[in-house]
Amino acid sequence: DNEEILADVYGSERVFSCATYIQASIDEPGVISQYGRVQLVIGELVEEAEEVCGGIVETFKRAGIDTRHSSKIMFRKWSKLLWNITFNPLSAISTATVGESLDDPYLRKTAEAICWEAIDVAIGSGIELERERTFETIFNNAEIARAHHTSMLQDRLKGKPMEVES
């Protein structure tokens, strides 16, 4: 709800949002390793701010950061969030990788129930997405990431605090 809170304070035309795609780990305090590609997807909340957002995206590109614009940034963020909601808490509770969650019938049933409920919340929040296609995409992506230890699982295994308040 960051965007909603900021829009109430500053106005929707002055708020921009970003979906980040990065794989990184904290090896030790002050030492961070980044793996693979980093990408930012930035978008405006209202159409009137698209030109300003384009300037922000270009600034990041000139700095050498792989950045794209999305006129449907909340859709992009919800798409990422739906995968995270489905697998992050479940993997942290069970200490299972994504693949182990898919292979265990009880964990898979739980993941599917979480996913369907989260999709319904997204739709109820005004995000335009197709229920069945979204569900299929999330689980197809999970098949690709079978060996993945989610960020919440990594935090749990390292004894770090969980982000359950979020």
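The set of residues in region 19-55 that are open to solvent by less than 80 Å² (accessible area, probe 1.4 Å), over 24 Å from Ile127 (Cα atoms) and either outside any helix (DSSP H, G or I) or touching a Cys at 6+ places or on another chain (Cβ under 9 Å) (or both) comprises Ala24, Ser25, Val31, Ser33, Gly36, Val38. Region 73-159 holds helices (runs of 4 or more DSSP H) entirely within its bounds, and those carrying 1 or more residues that are open to solvent by 70 Å² or more (accessible area, probe 1.4 Å) and of a type in the set (Phe, Trp, Tyr) map to 73-94, 105-124.
Checked against the criterion of being within 23 Å of Thr137 (Cα to Cα), surrounded by fewer than 17 Cβ atoms within 10 Å (Cβ to Cβ) and not acidic (Asp, Glu), region 8-18 contains one or more residues that satisfy it.
The values are calculated or read from the model by the stated rules, or taken from the named source; none is laboratory data. Remember, it's a predicted structure, so these values are computed and weren't measured experimentally. Quick reminder, even Gly has a Cβ in these numbers, built from the backbone with ideal geometry, and neighbours come from all protein chains shown. Surface accessibility is based on the protein's heavy atoms, side chains included, excluding ligands, DNA and RNA. Shrake-Rupley method; radii C 1.70, N 1.55, O 1.52, S 1.80 Å.
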